[in-house]
Amino acid sequence: MRCHSYNKIYNWESNSNHTISFKADPMGHIVENNVIETGLLDIARNLHNVDIRRGEAVSEIKLPLEESKEQVTVGLASGEVVETNLLIGADGANSYVRKVLDTPVLSWMYDQQGIVCTLKSPCLDKEDVAYQRFLPSGPIALLPLGGGLFSLVWSCKSNIANELMTLSDEEFVARANNALQKKAVVPPAVAAMETVSDYMGLLEYPPQTPLITEIEGPRAKFPLGFSNSARYIGPRTALLGDAAHRVHPLAGQGANIGFRGVQQLVKNISENPDREIGDYRVLNSFESELQRQVTPMLCFIDGMYKLYSTSLDPIVAARSYGLGLVNQLPFLKNSMLDRARG
């Protein structure tokens, strides 16, 4: 189980040499999911008022009327019935709780799959740096885990993802190194823009990424999509995480946005000790605050996906020059970093 901090991240693309970098100490942490799960379970087991049920299937959910004093009733496949003042639906993108709420969802699938695995590199001097490169088929990210290990998140067209999953480990490593390190193919119009940018001191060249030598463990593949529920709440019910919203992994913000929802719900409940935790006024405040925070982030990430999904020369030139300009504006970079870090 691994948890590792990083102090810098580079972002660049394959059709330009313009790079943007962010730096902080620490900038963030790469935490494996089982580390988070184990930590939360350990805390929950030591709480006298928490009853953990694992492997239980939910067969039915009955919601009370809006603003009712009645509780939510949850029927389990075992026949047991549980009643609660607040039901939290944190059951993923295909949330059963959200279906019971019958709330509209704005959603679409990207023609991309995400491939994740752990890679090994002898370049121990790059253990505090994260990398992301935008390719015509989708972004590839290398995130440090410490000890010469990196987590790979490679988003690419579905047909390419299917091919990559069939490769041997050696072939896959070669393709990953090529995707990260291959020299940029810069169109003439973009090259002319880069000459001007270089003259003006706006051009930061791409970094040398660590050389990957082997894969540690299996590869996994999953479909990528966008979704945002019209409502994050219902009668004595709140949606969190992918049940409420789902984003492309290109910004690495999916889990962070989910944690932000947890923080907001806890904040609204703790600020109203005289009201039940499922009180509709508490939940309405939670929903309003969370939507105000996450909606701009969801739109920004989807906009970034669309911006980097085209290789048209004028757009490549504009986004490359814009990237170089932003990279020279510390106040704007710091603002972006602060928002991403919550």
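For segment 310-321, filtering for residues that are free of Cβ contacts under 8 Å to residues at least 12 places away in the same chain and either closer than 11 Å to residue 13 by Cα or in a helix (DSSP H, G or I) (or both) leaves 2.
Taken over segment 241-256, the criterion of being at pLDDT 95 or above and closer than 13 Å to residue 297 by Cβ is satisfied by 244, 245, 246, 247, 248. The number of residues in segment 58-90 being closer than 25 Å to residue 255 by Cβ and assigned to a loop (DSSP other than H, G, I, E, B) comes to 2.
Answer yes or no as to whether residue 20 is closer than 30 Å to residue 186 by Cα, of a type in the set (A, V, I, L, M, F, W, C) and touching a residue at least 24 places away in the same chain (Cβ under 8 Å).
yes
Among the residues of segment 91-129, what is the count of those that are of a type in the set (A, V, I, L, M) and either under 18 Å from the mean Cα position of the chain (by Cα) or assigned to a strand (DSSP E or B) (or both)? So the answer is 8.
Which residues, counting only those in segment 57-101, are on the phi > 0 side of the Ramachandran plot and either aromatic (Phe, Trp, Tyr) or open to solvent by 80 Å² or more (accessible area, probe 1.4 Å) (or both)?
First, the residues of segment 57-101 that are on the phi > 0 side of the Ramachandran plot: 67, 79, 92.
The one that is on the phi > 0 side of the Ramachandran plot and either aromatic (Phe, Trp, Tyr) or open to solvent by 80 Å² or more (accessible area, probe 1.4 Å) (or both): 67.
Out of 175, 236, one residue alone is under 30 Å from residue 283 (Cα atoms) and not hydroxyl-bearing (Ser, Thr, Tyr). It is 236.
For segment 307-322, indicate whether the set of residues that are at pLDDT below 95 and open to solvent by 70 Å² or more (accessible area, probe 1.4 Å) is non-empty. Yes.
Report, by residue number, each residue of segment 130-153 that is open to solvent by 20 Å² or more (accessible area, probe 1.4 Å), more than 16 Å from the chain's Cα centre (by Cα) and not small (Gly, Ala, Ser).
Filtering segment 130-153 down to residues open to solvent by 20 Å² or more (accessible area, probe 1.4 Å) leaves 135-137, 143, 147, 151, 153.
Keeping just the survivors that are more than 16 Å from the chain's Cα centre (by Cα) gives 135-137, 147.
Result: 135, 136.
Could you say whether any residue in segment 261-279 is within 30 Å of residue 108 (Cβ to Cβ) and out of contact with any helix residue (DSSP H, G or I) (no Cβ under 6 Å at 6 or more places or on another chain)? Yes. Condition (residue is in a strand (DSSP E or B) and on the phi > 0 side of the Ramachandran plot) applied to segment 149-167: is it met by at least one residue? No: segment 149-167 contains no residue that is in a strand (DSSP E or B) and on the phi > 0 side of the Ramachandran plot. In segment 164-188, the qualifying residues are those that are more than 26 Å from residue 320 (Cβ to Cβ) and open to solvent by less than 80 Å² (accessible area, probe 1.4 Å), and the one that is farthest from the chain's Cα centre (by Cα) is 168. Candidates are the residues of segment 259-300 that are in contact (Cβ under 8 Å) with a residue 60 or more places away in the chain and closer than 30 Å to residue 115 by Cβ; the one that is least open to solvent (accessible area, probe 1.4 Å) is 298. Restricting the first member to segment 222-249 and to residues that are within 20 Å of residue 132 (Cα to Cα), and the second to residues that are open to solvent by less than 10 Å² (accessible area, probe 1.4 Å) and of a type in the set (Val, Ile, Thr), the beta-carbon pairs closer than 6 Å and six or more apart or on different chains are 247/301; 248/301. A count restricted to segment 196-218 and to residues that are surrounded by fewer than 17 Cβ atoms within 10 Å (Cβ to Cβ) and either at pLDDT below 90 or in a strand (DSSP E or B) (or both) stands at 9.
The values are calculated or read from the model by the stated rules, or taken from the named source; none is laboratory data. Treat the numbers as computed from the prediction; the structure is a model and nothing was measured. Neighbour counts run over all protein chains shown; Cβ positions are idealised from the backbone, glycine included. Side chains are part of the model used for accessible areas, which takes the heavy atoms of the whole protein and leaves out ligands, DNA and RNA. Shrake-Rupley method; radii C 1.70, N 1.55, O 1.52, S 1.80 Å.
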